[in-house]
Amino acid sequence: MAGYILRRLLQAIPVLLGTTFLIYFMVFAMPGDPLLALFGDKTPSPALLESLRQQYHLDQPFIIQYFLYLGGIFHGDFGTSFSGEPVADILARTFPVTIRLAIMALIIEFVGGVLIGLVSGLRKGKLFDASALVVSLIFISLPIFVIAFVAQFIFGIQLGWARTTVSSGAPIQDLILPAFVLASITFAQIVRLTRASVIETQSLDFVRTAYGKGLSRRRIIPVHILRNSLIPVVTYAATDFGVLLVGATVTEGIFNVPGVGRTLYQAIVRGEGPTVVSFVTVMVLIYLVVNLVVDLLYGLLDPRIRYVK
Amino acid sequence: MPAFCTGGKLKIRRYGIGAIALVAASALALSGCASGSSTSTSASSSAVITANGSEPQNPLIPTNTNETGGGKILDSLFAGLVYYDATGKPVNDVADSITTDDAQTYTIKIKSGEKFTNGDPVTSSSFVDAWNYGANAANTQLNQSWFSIIQGFDETNPQTSLSGLKVVDDTTFTVTLTEPLSDFPLRLGYSAYYPLPKEAFDDMAAYGQNPIGNGPYKLASADAWKHNEQISLVANSDYTGGRKPVNGGVTFKFYASEDAAYADLLGGNLDILDSIPAASLANYKADLGDRAVNQPAAIFQSFTIPASLAHFGNNQEGQLRRAALSMAINRPEITKVIFQDTRTPASDFTSPVIDGWSDSLTGADVLTYNPDKAKALWAQADAISPWSGTFQIGYNSDSSHQVWVDAVSNSIKNTLGIDASGAPYPTFAEFRTAVTSGAITTAFRTGWQADYPGLYNFLQPLYATNASSNDGKYSSAEFDKILAQGASETDAAAANSDFQKAQEVLLKDLPAIPLWYANVTGGYADTVSNVQFGWNSVPLYYEVTKS
Amino acid sequence: MSNNPPTQTHYVAPLEETPLVAIDTVNVGERPSNLWIDAWRDMRRRPMFWISSVIILLVVLVALFPNLFTSVPPNDNCVLSNSNGAPTAEHILGFTKQGCDVFSRIIHGTSTSLSVGIIVTVLTTVLGILFGMFAGYYGGWLDSVLSRAGDIFFSIPYILAAVVIMSVFSAYRNVFVISLAIGIFAWPATARVLRAEIMRVKNSDYVMASQALGVSRFRILLRHVLPNSIAPVIVVTTISLGAAIVAEATLSFLGVGLPNTTMSWGNDISAAQSDLRTAPQTLIYPSLALSITVLSFIMLGEVVRDALDPKARAQR
């Protein structure tokens, strides 16, 4: 077990190198001169532009820029943004907020999705199942920005149940509404996955055996059916955690959450290479750890799955 | 087999209700645990107003800030030689007098006894040192070009001082320009010309995160700038100028989207908003009532057709086609339907809030919607050389331009019967690169927000031969001559009359097709009063009172 | 009373009369049972299969021949005086903000949106199955390589990918390019779900039995493990079809979508967002078209999943 974990952690090194390289290349490949955008609708003098280019190493070829960046990381220097703030500080203030938001969204979508999916699966073809499908469909067919606007308008402005945007410091009560909105994206997937898995598990021999043994449904449903149905759901939810970390751009923008999605989006649009790469690097690390935890969780959910031979 | 089937047919309605209860309980638990950690609002000093802002793109150094997010903050933190009142008229702030005989050499006297918030006196060297710093190529300041009018400026070779700047004594200095420029005193309210305290030059990077100024407000604390969240300013009791705050301070909350800011205004979390998002233009008047603001501002919007484009050269065909396009655009309808009257159809190349603006220039009828004449002119141009293809307008799609570009394209399409559409660029950087490199092969959107309230600022940078922001590469000897004449006039009225004549040349050539002036749209909460918006679309925060 | 002597010599039924004979007798004439043929037999008996198929067929027809369904050209005669206008006899769903016909734009946008949905789904499913299948079944170093490759792809923010791909291919900003931008970084989710399911299924008794019978590993994977692990993939796939169409709308919202000369439901939904409060109908109709399409694919996926699950089938 320990050997397996160690091996997985070592694999992080090539993944990190691969990702940073790929991202740096993509930022580099983005057409347009990020420095020109600093001047708005005005055009800077060529000499000033040239000096700025040197200052940000943008006059260097791609591979040199990449190694300059990598070299900086080894000295604990992630670079600075155009606004003069060290990228390390940006990471330190945005990740805690977004992780908090992502965990809240994950709990909401997981608990809500699994429960509704379970009931749907057990009552396949019944009214509850059909209603759950309709609700899921609404969430699927409306883009996140519509859901976010509507939620903000109804719960924030008209009913006044929640704060319209997140206040300074991003306290948990302000994050509830954005978390529900974020959860709505994947909610449908979790419901459908759980439902399908429950339907399949229900017909398996050990479940029939359990009923045959006269075990109560109260015991069979959580222990036999649910536990054995969770593997695809947990896997999907874990991949979603990654999406929640970076993909919350729109939601974070609408609710003004000072988190990763919003900051990363600005950095991408502004072409701030070091900021983008540093964000994604931290993201990859979190993502690798989450995946490792999920892989270990499989063993708990289904003892037949083992990694150590 | 049937024995097992009952497993699937359980009555689990009970279970369903349980599920809902569980979700509700977890939601309660979340909000419950949260209520304990609720952040306390500063109810004690209720006089601090909150206003929308955006994270400054650059460190807060006057010579390095060229966008509105940082500019708004700097204008509150600093007092320059002059400030602009609500109408854009310059009023002495730190300056005592600004005098000249020839519009080329200026003698500037400043008030004595002015202080920075760290206690240092504001002297003539506070200005001269700051300007020299901004002009020095080694410092790569974004506002470097503002000093190019001063004698001795060299944009490539680093130099520590400009020969045109001379300190006479602690309260007097002289400025010599490379050529006569009558509107120089008018420019001095722009943030690039603010003074800097001595301590700034020791460590400019640290200063940019925690600036010390001499203006109506100062930073509330050393860590007042919470990146991407907000910056808190409090009134500076040492400030003696005309912008004395009547409130305790301003907190600028940074928003990534105007929609979020608008939601906060309606939700009671924001006092003043200076831009209504496109998605709420249809509702904001109903939402805000008499607290809605919609007044002209110094923003001019247009699209530019580069002279290099086939069929649009600086010749008879090009002029006919430009005039035809201009007359094919139904400006009043677009500003009404798309912008809900928050834009004003253009009648010149400047803005109605600028002194010297006129809506009756000779040739301004080319800006009136006239489908029949448009068709006739286009047909005349076709007789010279037949048109084929699609007329496209380039824009950056990371901002809300698509809706009006589509409307303008449709107007052209419906009037002239040609194919017309928008040509989006994903990012602003890519769009500007295509424009400035000359690689763009379509017309493209252009806009100008005045840095200082003068006609010259709308004309010289955009249309003078080889000027910095002349993106269409327009060149007209006649226009250049009249413009230069206006710049050297010492009488403001005579200068404005020259600038109007220069625009009549533009109306013939139409290097850019004027569309409309963007109004300032905003609103405020019922907790504040005496909210007035200035010529530059920014509220006069110092006048606002909060109950 | 009968004179006939009792013919019955057993107290139990003769072997021929018991159902057990069906188990013990091998009917040589019948073709061996095949999962896919069985599934088809099962599916065609279900009304849900036919309903969803007819809707999908109709949507495909609309996509291929939009002019059969509307005679109004979608982008001509868009005049602002009709902005957000109410329905008329000729324009049955009213007008968009730009004064274009809503119904016509939906009909003409079908091919783009459906193509984006299908291309993205095929792309993510094929890549996801290939990576997930081998990673989950063979494990070991192959799993490490494939899974970590997935990690790299998955950690690229899709906004960045979309901006870069849409910019680099700015001359060809079409359905394929945007599908690539959406799909190329989305497949690891499918791969991971399949991988997990395969790791679970490969330890099942019937797989062990096949191994004991000496069936080759690859054949077991294709014939037994994959079909029994595919259910969650079908669920993810049918929903991601809708998610892809919606993702196109979100990309339009962020300014990196298709140019608006290309009609699509996503473009219309994104454009309608600014009038959410004053003219919600311009948003609702394209969303409804999207919902119906996604619903029919989900229903079809449901039928296929059921049909592929012999045990669930037998229970009915």
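So, residue A:194, is that one within 11 Å of chain B (Cβ to nearest Cβ) and more than 19 Å from the chain's Cα centre (by Cα) or not?
Here the answer is no, as residue A:194 does not meet what is asked.
Out of the residues in the stretch A:1-48 that are aromatic (Phe, Trp, Tyr) and within 14 Å of chain B (Cβ to nearest Cβ), which is nearest to residue B:137 (Cα to Cα)?
Per the criteria, the residue is A:39.
Residue pairs, Cβ under 9 Å, 6 or more apart or interchain, first in the stretch A:69-80 and under 18 Å from residue A:272 (Cβ atoms), second assigned to a strand (DSSP E or B). List them.
A:77/A:86; A:78/A:86; A:79/A:86; A:80/A:86
Which residue out of B:255, B:262, B:284 is within 14 Å of chain A (Cβ to nearest Cβ), closer than 30 Å to residue A:153 by Cβ, aromatic (Phe, Trp, Tyr) and in contact with a Leu (Cβ under 7 Å, 6 or more places away or on another chain)?
Only one candidate qualifies: B:262.
What's the number of the only condition in (1) crowded, with 24+ Cβ neighbours inside 10 Å; (2) under 26 Å from residue A:122 (Cα atoms) that residue C:234 fails to meet?
Going through (1) crowded, with 24+ Cβ neighbours inside 10 Å; (2) under 26 Å from residue A:122 (Cα atoms) one by one, residue C:234 breaks only (1).
Tally the residues that are within 13 Å of chain B (Cβ to nearest Cβ), in a helix (DSSP H, G or I) and either of a type outside the set (D, E, K, R) or surrounded by fewer than 18 Cβ atoms within 10 Å (Cβ to Cβ) (or both), restricting the search to the stretch A:134-180.
Count: 22.
Are any residues in the stretch A:84-105 buried (at least 20 other Cβ atoms within 10 Å of the Cβ) and farther than 30 Å from residue B:60 by Cα, and if so, which ones?
Within the stretch A:84-105, A:101, A:102, A:104, A:105 qualify.
Please determine, by comparing only the residues of the stretch B:164-213 that are in contact with a strand residue (DSSP E or B) (Cβ under 8 Å, 6 or more places away or on another chain) and of a type in the set (Gly, Ala, Ser), which one is farthest from residue A:79 (Cα to Cα).
That would be B:164.
Check off (1) part of a helix (DSSP H, G or I); (2) at the interface with another protein chain (Cβ under 7 Å from one of its Cβ atoms); (3) closer than 28 Å to residue B:262 by Cβ for residue A:239 and give me the number that stays unchecked.
All conditions are met except number (3).
Quick check on the stretch A:139-150. Is at least one of its residues of a type in the set (Gly, Ala, Ser) and modelled with pLDDT of 85 or more?
Yes, there is a match, as at least one residue in the stretch A:139-150 is of a type in the set (Gly, Ala, Ser) and modelled with pLDDT of 85 or more.
Being more than 9 Å from chain C (Cβ to nearest Cβ) and surrounded by fewer than 21 Cβ atoms within 10 Å (Cβ to Cβ) is the filter here; which residues of the stretch A:227-236 pass it?
Matches in the stretch A:227-236: A:227 only.
Answer with yes or no whether residue A:94 is of a type outside the set (D, E, K, R), touching a Lys or Arg at 6+ places or on another chain (Cβ under 9 Å) and farther than 19 Å from residue A:268 by Cβ.
no
Quick one: residue A:105 ticks every box in (1) within 11 Å of chain B (Cβ to nearest Cβ); (2) in contact (Cβ under 8 Å) with a residue 24 or more places away in the chain; (3) in contact with an Asp or Glu (Cβ under 9 Å, 6 or more places away or on another chain) bar one, so which box is it?
Here residue A:105 meets the rest and fails (1).
If I filter the stretch A:36-68 down to residues being touching a residue at least 12 places away in the same chain (Cβ under 8 Å) and either small (Gly, Ala, Ser) or over 25 Å from residue B:471 (Cβ atoms) (or both), which single residue comes out as surrounded by the fewest Cβ atoms within 10 Å (Cβ to Cβ)?
Filtering first and then ranking leaves A:62.
Is it the case that the stretch C:51-59 has a residue that's touching a residue at least 12 places away in the same chain (Cβ under 8 Å) and either hydroxyl-bearing (Ser, Thr, Tyr) or crowded, with 21+ Cβ neighbours inside 10 Å (or both)?
yes
Where residues in the stretch A:242-281 are touching a Gly at 6+ places or on another chain (Cβ under 6 Å) and within 11 Å of chain B (Cβ to nearest Cβ), which of them is modelled with the highest pLDDT?
A:252
Looking only at the stretch A:295-307, which residues are facing chain C (nearest Cβ under 8 Å) and assigned to a helix (DSSP H, G or I)?
The answer is A:298, and nothing else.
Pick out, from the stretch C:143-209, the helices (runs of 4 or more DSSP H) lying fully within it that include 3 or more residues that are surrounded by 20 or more Cβ atoms within 10 Å (Cβ to Cβ) and at the interface with another protein chain (Cβ under 9 Å from one of its Cβ atoms).
Correct list: C:158-168, C:187-201.
Pairs, please: C-beta under 8 Å, at least 6 apart or cross-chain, first residue facing another protein chain (nearest Cβ under 10 Å) and on the phi < 0 side of the Ramachandran plot and in the stretch A:201-216, second among the hydrophobic types (A, V, I, L, M, F, W, C) and surrounded by fewer than 19 Cβ atoms within 10 Å (Cβ to Cβ)?
From residues that are facing another protein chain (nearest Cβ under 10 Å) and on the phi < 0 side of the Ramachandran plot, the pairs are A:203/C:314; A:208/B:4; A:211/B:3; A:211/B:4; A:212/B:3; A:212/B:4.
From the list C:254, C:300, C:241, C:308, which one is surrounded by 20 or more Cβ atoms within 10 Å (Cβ to Cβ) and within 27 Å of residue B:398 (Cβ to Cβ)?
C:254
For the stretch B:277-293, name all the residues that are surrounded by fewer than 19 Cβ atoms within 10 Å (Cβ to Cβ) and either part of a strand (DSSP E or B) or among the aromatic types (Phe, Trp, Tyr) (or both).
Residue satisfying the conditions is B:292 alone.
Any idea which of (1) of a type in the set (A, V, I, L, M); (2) within 14 Å of chain A (Cβ to nearest Cβ); (3) closer than 23 Å to residue B:108 by Cα; (4) out of contact with any helix residue (DSSP H, G or I) (no Cβ under 7 Å at 6 or more places or on another chain) is the one residue B:192 doesn't satisfy?
(4)
Of the residues that make up the stretch C:246-259, is at least one assigned to a helix (DSSP H, G or I), away from chain B (no Cβ under 14 Å), closer than 21 Å to residue A:203 by Cβ and in contact (Cβ under 8 Å) with a residue 12 or more places away in the chain?
Taking every residue of the stretch C:246-259 in turn, none turns out to be assigned to a helix (DSSP H, G or I), away from chain B (no Cβ under 14 Å), closer than 21 Å to residue A:203 by Cβ and in contact (Cβ under 8 Å) with a residue 12 or more places away in the chain.
Exactly one condition in (1) in contact with a Pro (Cβ under 7 Å, 6 or more places away or on another chain); (2) not in a helix (DSSP H, G or I) is false for residue A:264; which is it?
Unmet for residue A:264, out of (1) in contact with a Pro (Cβ under 7 Å, 6 or more places away or on another chain); (2) not in a helix (DSSP H, G or I): (2).
Consider residue C:279 carefully, then state whether it is outside any helix (DSSP H, G or I), under 20 Å from residue C:103 (Cα atoms) and out of contact with any helix residue (DSSP H, G or I) (no Cβ under 6 Å at 6 or more places or on another chain).
The answer is yes for residue C:279.
Would you say residue B:156 is surrounded by fewer than 23 Cβ atoms within 10 Å (Cβ to Cβ), over 27 Å from the mean Cα position of the chain (by Cα), at pLDDT below 90 and within 14 Å of chain A (Cβ to nearest Cβ)?
yes
Take the stretch A:115-133 and flag every residue that is in a helix (DSSP H, G or I) and either in contact with a Phe, Trp or Tyr (Cβ under 6 Å, 6 or more places away or on another chain) or within 9 Å of another protein chain (Cβ to nearest Cβ) (or both).
Result: A:115, A:116, A:118, A:119, A:122, A:128, A:133.
The values are calculated or read from the model by the stated rules, or taken from the named source; none is laboratory data. Keep in mind that what you see is a predicted model, and the values were worked out from it rather than measured. Virtual Cβ from ideal backbone geometry, glycine too; neighbours counted across all protein chains shown.
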